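Accompanying notes for the structure given below.
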Amino acid sequence: MATLEIRDLHVSVEADNATKEILKGVDLTVKQGETHAIMGPNGSGKSTLAYSLAGHPKYTVTSGTVTLDGEDVLEMSVDERARAGVFLAMQYPVEVPGVSVSNFLRTSATAIRGEAPKLRTWVKEVKEAMERLRIDPAFAERNVNEGFSGGEKKRHEILQLELLKPKMAILDETDSGLDVDALRTVSEGVNRVRETGEVGTLLITHYTRILRYIKPDHVHVFAKGRIAESGGAELADKLEAEGYEAYTKGA
Amino acid sequence: MADNIPVGSTTEGAIQVGGDHPADARVSAPASYDVADFPVPHGREEEWRFTPLERLRGLHDGSAVADGGIRTEVYTPEGVTQEQVGRDDPRVGRAGKPVDRVAAQAYSSFEKATVVSIPKDTVLTEPVRISVHGQGGTAFTHQVIEIGAFAEAVVVIDHTGDATLGGNVEYLVGDGAKLTVVSVQDWDDKAAHAGQHTALVGRDATFKSVIVTFGGDLVRLHPRINYAAPGGEAELYGLYFTDNGQHQEHRLFVDHDTPHCRSNVVYKGALQGEDAHAVWIGDVLIRAEAEGTDTYELNRNLVLTDGARVDSVPNLEIETGEIVGAGHASATGRFEDEQLFYLMARGIPADEARRLVVRGFFAELVQQIGLPELQERLIEKIDAELEASV
């Protein structure tokens, strides 16, 4: 069973010629089949955790370890991490002019699976996944994220999640900027992947709203660069009622 | 992408209505066949300000002397003729005069001009091929491609090897004819190549020019369009891939002095490596008498690495309001680290990510060019260029 282990992770960024530590000792274990919600106020370091796990060059790991099934994730390049099974659904997916969605998906699936998917089954696979996410078929010929609405971008991220079948899915504020219908559609997509039991999910969010659709096994409150409290789904209810104030005091 | 101009690059643009002709003012001396009518450029003239003169290998100051070290071979399909003629042949110099010192030097220095004639009503099923291969030498060449009324032809001019070449080409496009010309600059790294490609487009004729520049130390080409009669159409496509240390300059001029003519310009370039420098100048002049003109020009550049520079200057000048349309656009964008991260985060290795983006950038243009055989070759070349320096 795939396990992602994060131990005492410290991460810094360079800003204005100064080094700023954002993650200050994160410990977390996510097993295949589990869903962990990471909740926290703005600026607590949630997204930094997501991007550090994916290997964004802006973030420097200063100490700690991250392993996936014992393999050192921090030693891997960004594409190696993806091929090892780490998937990051981004809060702000990037426009890639000149590259069509269909070309992008196929290139990506080829890289992740280690061989080009057979064209006939692939076309069907993509078509069905798009239908489930209520994505217009014409979408396939558009350039990646170019001119996409907020909702389209997030559906496109979840489409990739469904097609690439990672071991660990990190969803960075996938709920932000979505109306209720889009939130439901996107959540259904995430739940389909979770129901396979083959993915560990790290659901990063500011709001409890998405937890009505995606039920977490564990909830962690993130504050000041580390996990301040962990609990079950009931912790989310407490946050809903009381907010993050208790965790941000004395900042 | 327009707001994302790499450091050291410029994207200027102007639309002028009425007034003097800045497009004419770009040349520091009146057009002439005689090199003596042009002063030796010092580099600050409008038309030379982007060009590193020292890398012209003497083409601009008279010190380059022809030594026969360039071989030109012409393959003509059945029905097509070629002749070697002197400067006094009425077809030579007919499309337009040289407008700068290097073009005039080439005109004053060539021994014989090559005239390729496609007779009227002839529809070719295979291209005319002209191969210009440099063996380290210097040459001044003049080619005239003449296509008769209602004939249709494709001409491919290939430039390879190492050379110092001042080469002018003229296209005389008969009424109702369709001429497509592909000029490929696939030179070795040291070559210097400058020249003026002037077309005279007949009544209801279609002229399509495809300029493809990959190689050379310095390439500076000047495609110019003149219309002989109404109804002419010019499509000017360009594709360049500027590497480490290369200077590739494409200067276009479309002179709309005739009513009801059209022009469409699309040039796209990718740059990578230290001191890669691409220059694109697009001058379009719509004169008062050119009512019913329809023109559009576009230049896009994709900068793949730091240290590359683009100067892109579209310039549209309009002297009559009685036109169908006129517009221009220019933009220079970078291949972003964020794009690279996004693609790599989906398992795609860095070099493949770059290839995906560059192929995508050129895809629409390659399709517009519409010659299947050339399309494949272009994609292969683009991949090879990426391969060589990633």
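The values are calculated or read from the model by the stated rules, or taken from the named source; none is laboratory data. Remember, it's a predicted structure, so these values are computed and weren't measured experimentally. Quick reminder, even Gly has a Cβ in these numbers, built from the backbone with ideal geometry, and neighbours come from all protein chains shown. Only protein heavy atoms, including side chains, enter the accessible area calculation; ligands, DNA and RNA are left aside. Shrake-Rupley method; radii C 1.70, N 1.55, O 1.52, S 1.80 Å.
When chymotrypsin sites (Phe, Trp or Tyr not before Pro) are flagged only if DSSP places them in a loop and at most 16 other Cβ atoms lie within 10 Å, the longest unflagged stretch of chain A comes out as A:1-206. By the combined test of axial Cα extent (at least 15 Å) and Kyte-Doolittle hydropathy (mean at least 0.0), the qualifying DSSP H helices of chain B come to B:350-369. With contributions of -39500 (n - 2.57) from each DSSP H run of at least four residues, the per-residue ellipticity at 222 nm computed over chain B stands at -4500 deg cm²/dmol.
Less than 30 Å apart at the alpha-carbon level, and either on another chain or at least 8 residues along: which lysines does that give for B:K120? Result set, ordered by chain and number: B:K97, B:K112, B:K178, B:K208. Across the stretch B:171-185, rounded Karplus estimates of 3J(HN,Hα) from the backbone phi angles (6.51 cos²θ - 1.76 cosθ + 1.60, θ = phi - 60°) give 10, 10, 9, x, 4, x, 7, 10, 10, 10, 10, 10, 10, 9, 9 Hz, Gly and Pro being marked x.
Here's how it looks for A:G40: its modeled amide H is under 5 Å from those of A:T205, A:F222, which are all 5 or more places away or on a different chain.
Sorting B:I323, A:I158 by solvent-accessible area of protein heavy atoms yields B:I323, A:I158, largest first, with a 1.4 Å probe.
B:S63 contributes an accessible area of around 80 Å² to the protein surface, as traced by a 1.4 Å probe with all chains present. Here is the interface size for B with A: some 1900 Å² of accessible area buried, both sides summed, with a 1.4 Å probe. Straight-line reach from A:K165: which lysines have Cα under 24 Å away, leaving out those fewer than 8 places along the same chain? A:K165 reaches A:K31, A:K46, A:K118, A:K124, A:K127, A:K153, A:K154, A:K215.
Which shape class, rounded, prolate or oblate, goes with the stretch B:10-334 when its Cα gyration tensor gives a ≥ b ≥ c as root eigenvalues, a/c under 1.5 marks rounded, and past that a/b bigger than b/c marks prolate? Rounded, since a/c falls under 1.5.
Quick one: with all protein chains in place, what share of the accessible area of the protein assembly as shown is carbon or sulfur, to the nearest percent (1.4 Å probe)? Please report the intermediate quantities before stating the final value.
Numbers: 12110 of 25520 Å².
Looking at the protein assembly as shown in its full context, I get 47 percent from C and S.
Counting heavy atoms of the protein chains alone, A:T208 has an accessible area of about 30 Å² for a 1.4 Å probe.
Can you give the accessible area per residue of chain A, in Å², using a 1.4 Å probe?
Values: 11280 Å² over 251 residues.
Roughly 45 Å² per residue, with all protein chains present.
Between amide H atoms placed 1.01 Å from N, distances below 5 Å from B:G231 occur with B:D204, B:C261, all of them 5 or more places distant or on a separate chain.
Taking 25 Å as the straight-line reach from the Cα of B:K190, the lysines in range (excluding those fewer than 8 positions away in the same chain) are B:K268, B:K381.
The trypsin sites (Lys or Arg not before Pro) of the stretch A:111-193 that DSSP puts in a loop, and whose beta carbon has at most 11 other beta carbons within 10 Å, are A:K118. According to the square roots a ≥ b ≥ c of the eigenvalues of the Cα gyration tensor, what is the shape class of the stretch A:172-219, taking rounded for a/c under 1.5, prolate for a/b larger than b/c otherwise, and oblate for the remainder? Verdict is oblate for the stretch A:172-219.
Over the residues of the protein assembly as shown, compute the C-alpha Rg and express it relative to 2.2 N^0.38 Å. Mind dumping the intermediate values first?
Numbers: Rg = 30.1 Å, N = 641, 2.2 N^0.38 = 25.6 Å.
So the protein assembly as shown has a normalised radius of gyration of 1.17.
Using the rule -39500 (n - 2.57) for each DSSP H run of four or more residues, divided by the residues of chain A, the 222 nm mean residue ellipticity is -10500 deg cm²/dmol.
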